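**Student:** To start, I am sharing the structure in question, which I have written as structure tokens.
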Amino acid sequence: MKKLEIASSINESAHSRRLEKLASVMRFELGKLLTREVEFPLGVLVTITSVVIPADLSVARVMISVLPFAKGKEILTILFGAVFNLQHLIRRKLKIYHVPKLEFYIDEAPEKAGHIEHILDSIKQEE
């Protein structure tokens, strides 16, 4: 029974590493595709902060950071329009049959960090 548990643990660990590797490769390749294939408005910077893929490979949650933050909804609309082309290009590039469905979300952590930093700066100035 212990051998079975160890083998199962090793398989889960290997599967987890493969998911992390796939997420990392997708992040890198999507970053290149966004610069080549998607036209964003002038003065807008879009960065992929992370890609999260569940064990069933059904979806890839792509977290993006947008500067200026106010353009986030506009950028999501552009990305939603390009999602099928991006999935097709990722499938060709990675040479895998099943590409997780791409879903884009705004990563609000950088905006929140900037807000907290601004508050801390104002407290510092008051002292």
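Every number in this text was worked out from the coordinates using simple rules, so none of it is lab data. Just so you know, these numbers come straight off a predicted model, no measurement behind them. We place every Cβ from the backbone using ideal geometry, glycine too, and count neighbours over all the protein chains shown.
**Student:** What ranking do 68-81, 21-34 get when scored by the average of other Cβ atoms within 10 Å per residue, highest first?
**Tutor:** Descending mean neighbour count gives 21-34, 68-81.
**Student:** Let me ask another. Kindly rank 45-54, 89-98 from highest to lowest mean number of other beta carbons found within 10 Å of each residue. Don't jump to the answer; show the numbers that get you there.
**Tutor:** Numbers: 45-54: 15.7, 89-98: 12.2.
Order by mean packing, descending: 45-54, 89-98.
**Student:** Anything over 27 Å Cα to Cα? Flag those among 21/73; 73/95; 71/93; 32/95; 71/124, in the order listed.
**Tutor:** Result: 21/73; 73/95; 71/93; 71/124 exceed 27 Å.
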